[in-house]
1. Take region 58-115 and flag every residue that is of a type in the set (A, V, I, L, M, F, W, C), surrounded by fewer than 21 Cβ atoms within 10 Å (Cβ to Cβ) and within 20 Å of VAL33 (Cβ to Cβ).
2. Kindly provide the set of residues from region 1-41 that are under 21 Å from GLY84 (Cα atoms), of a type in the set (Gly, Ala, Ser) and surrounded by fewer than 18 Cβ atoms within 10 Å (Cβ to Cβ), ordered by number.
3. Residues in region 74-88 that are modelled with pLDDT of 95 or more and either out of contact with any Ser or Thr (no Cβ under 9 Å at 6 or more places or on another chain) or of a type in the set (A, V, I, L, M, F, W, C) (or both): how many?
4. Answer with yes or no whether LEU115 is more than 27 Å from SER8 (Cα to Cα), touching a Pro at 6+ places or on another chain (Cβ under 7 Å) and either assigned to a strand (DSSP E or B) or in contact (Cβ under 8 Å) with a residue 12 or more places away in the chain (or both).
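The values are calculated or read from the model by the stated rules, or taken from the named source; none is laboratory data. Predicted model only: the values in this text are computed from it and were never measured. Every residue, glycine as well, gets a Cβ built from its backbone with ideal geometry; the counts of neighbours run over all protein chains shown.
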Amino acid sequence: MAKPNKASTVAEIAEHFRGSNAAVLTEYRGLSVAQMKNLRRALGSEVTYAVVKNTLTKIAAHDAGVTGLDALLEGPSAIAFVSGDPVDAARGIRDFAKDNPALVIKGGIMDGAVLSAADITKLANLEPREVLLAKLAGAMKAKQSQAAALFAAPLSKTARTLAALQSKLESQPGAAAAAPVEQAPAPAAEETEVVVEEVASEDIASEEIAPDEVAPEDVVITEEETPEG
């Protein structure tokens, strides 16, 4: 049976796993206490960077329903529990590691999937959220303009569009089983020929993750694995 202090540590780590959007595992060996403080300050209030004991963390991860981390929990370990944007956290850890090579990214977990060190780097290299949202807004605006232009087109152009789609479907395998498309009235002879452009639509989904507040200085310090001075 675990001692009370170890049981409380396991419960604390398990709660961090449950309340985090992602977790990044690192090796901190070689970092000074001052460097560890600078890292926590750089990551901000939405990331809790905690030195952990591997055996207790494995138990806590199991209790929290997190699997696949045992192979990463080797050697001196510290975990960045991310309650905010995982991309921002990954970018902060990557940038700090560039200036402080003693910090080694082992991997992590996000949405129940185990991430390698390379995956964390790819996550960090994503464009900022504001840029992605701006591109998304631009794409949606462009599609709306194309849709509006189609609806505003003359009836003859709409009819030709439907006829072109029907012809394309009939030329594909299995088209005989498809329901026939009602033919539109033939346009008048004097009407000008219209070129139909087919625009492929895209399904775009976005998800907002509401951050949970986690105290940045809530650090789990172990008896056996403490950062070197």
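1. Taking region 58-115 first, the residues of a type in the set (A, V, I, L, M, F, W, C) are 59-61, 64, 66, 69, 71-73, 78-82, 87, 89-90, 93, 96-97, 102-105, 109-110, 113-115.
Then drop every residue that is not surrounded by fewer than 21 Cβ atoms within 10 Å (Cβ to Cβ), which leaves 59, 64, 66, 71, 73, 87, 96-97, 102, 104, 110, 113-114.
Result: PHE96, ALA97, ALA102, VAL104.
2. Of region 1-41, the ones under 21 Å from GLY84 (Cα atoms) are 12-26, 36-41.
Filter again for of a type in the set (Gly, Ala, Ser), leaving 14, 19-20, 22-23.
Scanning region 1-41 gives a single hit, GLY19.
3. Total satisfying the criteria: 5.
4. Numbers: more than 27 Å from SER8 (Cα to Cα): yes; touching a Pro at 6+ places or on another chain (Cβ under 7 Å): no; either assigned to a strand (DSSP E or B) or in contact (Cβ under 8 Å) with a residue 12 or more places away in the chain (or both): yes.
Criteria not met by LEU115.
Yes/no matrix, rows are residues, columns are (1) of a type outside the set (S, T, N, Q); (2) at pLDDT below 95:
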position: ILE59; (1), (2): yes, no
position: THR67; (1), (2): no, yes
position: GLY112; (1), (2): yes, yes
position: GLY138; (1), (2): yes, yes
